[in-house]
Amino acid sequence: MAEKVLTARFEKLGSHRLESYERDHGYKALKQALSMKPEEVVELVKASGLRGRGGAGFPAGVKWGFVPKESEQPKYLCVNADEGEPGTFKDRYIMVLDPHAVIEGSIIACYAFGAHAAYIYVRGEFKKPQRRMESALLEARRAGYLGKNILGSGFDVDIWVHPGAGSYICGEETALIESNEGKRGMPRLKPPFPAIVGLFGGPTVVNNVETLAYVPHVINRGPEWFIGLGSEKNGGTKLFGVSGHVKKPGLYELPMGTPLREIIYAVCGGIRGDKKLKAVIPGGSSTPVLKPDQIDVNMDFDSLAGIGSMFGSGGIIVMDETTCMVRAAARLAKFYAHESCGQCTPCREGTPWIAKILSRIEGGHGREGDLELILDICDNIQGNTVCPAGDACAMPVRAFILQFRTEFEEHIEKKKCPIGRFPAPW
């Protein structure tokens, strides 16, 4: 049985309370970190190889190291708790069931790169996670873990919850920063990067909830322990949210590098109704879809990149033989068209265009040349926008067409769904 790290306390009564967290050695890592020099904390996290769990997989310690040691502007930490990627449901559970892990990791991060203020940017719909975080922050302040001269160390830091408005684009770090400043959530041009000019013009680090929740464990148990839990260059465990046509969907903590086939068939019990597997989206809806002959792949950043997909957030969406691939692609395209912030022409114009064509094909009104047109639009979107939101539509749509082209062509030629699905109501 794989060692549980982040989920070890999830089933304990009152796991969100400070007294429960302290009984399980909570804030021990903070005390240890405060006894070290800030640069030593950065180097320790670097040595662990902890990679960002929000989707990009960038090493957390390296990101902290980008922040200049001396700055005329205050430094900030932004905790990305937006979690707007379809198929992803992990950060909300951490905030509800173990909020102090996020707080402790955030304080350690602030100490490591010299920030004295942090903002937990929570998705607007996450009312319970927001309440749990605010309650936990109040407990932490009363106990002396936040505020002036925390634990007598001479270090000052405080953390606030900032609820967003439920926009997918605010999961992108610079759009999150803009929204955190009270502006419309629209991505910024880079450079300058947030590590130099971020929140309120100061050097800023944006880290995912899951990433920060691992930090206390890395401090307590060391980088070698963390590396040993996963695979090469992909240390630690990972929270996988498995949804779709499996017998036991849910949130599972497994070692990085666990084979996708093992997750679907051993962990989740296989395909519901013992039907055949048709497709798997491995890391949230923005990652390229895989066919059944591609699931013997290790679930980590490097292995999935090697077969043309992405690890993303670890949100696994499983589809059985009854799934219409055209409908699935059209539904995803409609989501990204709706969530485009409209700043960049390729994304603003291209994503609704893709959604419109796919909806037309799915409804039995496809035309010859439609697939080539969609692929051409995807090529014009990808890599030509300020942020990756355009890519998040183009990459999966392209993969759906290339992987299941025959099914798309049958929709166009026969003017109906070959697997007998009625046209979608939208």
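Using a simple spin-label model with pseudo-atoms 7 Å out from Cα toward Cβ, Glu349 and Tyr265 lie 4.8 nm apart. Angle check, please: helix 325-339 long axis (alpha carbons) against the longest principal axis of the chain (alpha carbons), in degrees 0 to 90, nearest 10. The two axes meet at around 50 degrees. Taking GluC sites (Glu not before Pro) as exposed when DSSP calls them loop and at most 15 other C-beta atoms lie within 10 angstrom, the chain has its longest site-free stretch at 233-320.
Of the trypsin sites (Lys or Arg not before Pro) found in segment 355-417, those that fall in a DSSP loop while having at most 12 other beta-carbon atoms within 10 Å are Arg367, Lys415.
A simple charge model with +1 on the Cβ of Lys and Arg, -1 on the Cβ of Asp and Glu and nothing else charged puts the dipole of segment 330-396 at about 280 debye relative to its Cα centre. I'd like the orientation of helix 99-113 relative to the chain: the angle between its Cα long axis and the longest Cα principal axis, in ° from 0 to 90, rounded to 10. So the helix axis and the longest Cα principal axis differ by about 70 degrees. Val209 sits among other residues whose Cβ lies under 10 Å from its own Cβ, and their net charge, with Lys and Arg +1 and Asp and Glu -1, is -1. Once the Cα-Cα distance is subtracted from the 0.36 nm per residue extended length, the Ser71 to Glu321 segment shows a gain of 84.3 nm. Rounded to the nearest 10 degrees, the inclination of helix 127-142 to the longest alpha-carbon principal axis of the chain is 10 degrees. Cross-link reach is defined here as a Cα-Cα straight distance under 23 Å, omitting same-chain residues fewer than 8 places apart; for Lys414 the lysines meeting it are Lys278, Lys356.
Helical content alone sets the calculated 222 nm signal of the chain at -12000 deg cm²/dmol, taking -39,500 (n - 2.57) per DSSP H segment of four or more residues and averaging over every residue.
Backbone geometry of segment 169-185 corresponds, through the Karplus equation with coefficients 6.51, -1.76 and 1.60 at θ = phi - 60°, to 3J(HN,Hα) couplings of 5, 6, x, 6, 4, 6, 5, 4, 4, 4, 5, 5, 7, x, 9, 5, x Hz, x marking Gly and Pro. Overall, the chain carries a charge dipole of about 980 debye about its Cα centre when +1 sits on the Cβ of Lys and Arg and -1 on the Cβ of Asp and Glu, all other atoms neutral.
Summarising the strand pairing of the chain, around 45 percent of its internal DSSP beta bridges are antiparallel.
The length gained by stretching the chain between Ala2 and Glu181 to full extension, at 0.36 nm per residue less their Cα-Cα distance, is 60.3 nm. Note on segment 277-410: dipole from Cβ charges, positive end direction compared against Cys344, Thr385, Val326; the farthest Cα belongs to Cys344. Exposure proxy ranking for Met95, Met36, based on other Cβ atoms within 10 angstrom of each Cβ and starting from the fewest, stands as Met36, Met95. Residues His411, His245, ranked from the fewest to the most other C-beta atoms within 10 Å, line up as His245, His411. When you filter the chymotrypsin sites (Phe, Trp or Tyr not before Pro) in segment 66-103 for DSSP loop state and at most 16 other Cβ atoms inside 10 Å of their Cβ, you are left with Phe66.
With the simple spin-label model, which puts each label point 7 Å out from Cα in the Cβ direction, the Phe58 to Met36 separation comes to 2.2 nm. With a simple spin-label model that places each label point 7 Å from the Cα along the Cα-to-Cβ direction, the separation between Ala143 and His338 comes to 4.0 nm. Each Lys or Arg adds one and each Asp or Glu takes one away; over the other residues whose Cβ falls under 15 Å from the Cβ of Pro129, this sums to 0. Put the Cα centre of segment 163-240 next to the Cα centre of segment 61-113 and the gap is 5 Å.
Here, each number is a calculation from the coordinates, and none is a lab measurement. If you're wondering where the values come from, they're calculated on a predicted model, not measured in any experiment. Glycine also receives a Cβ, built like all others from the backbone with ideal geometry; neighbour counts cover every protein chain displayed.
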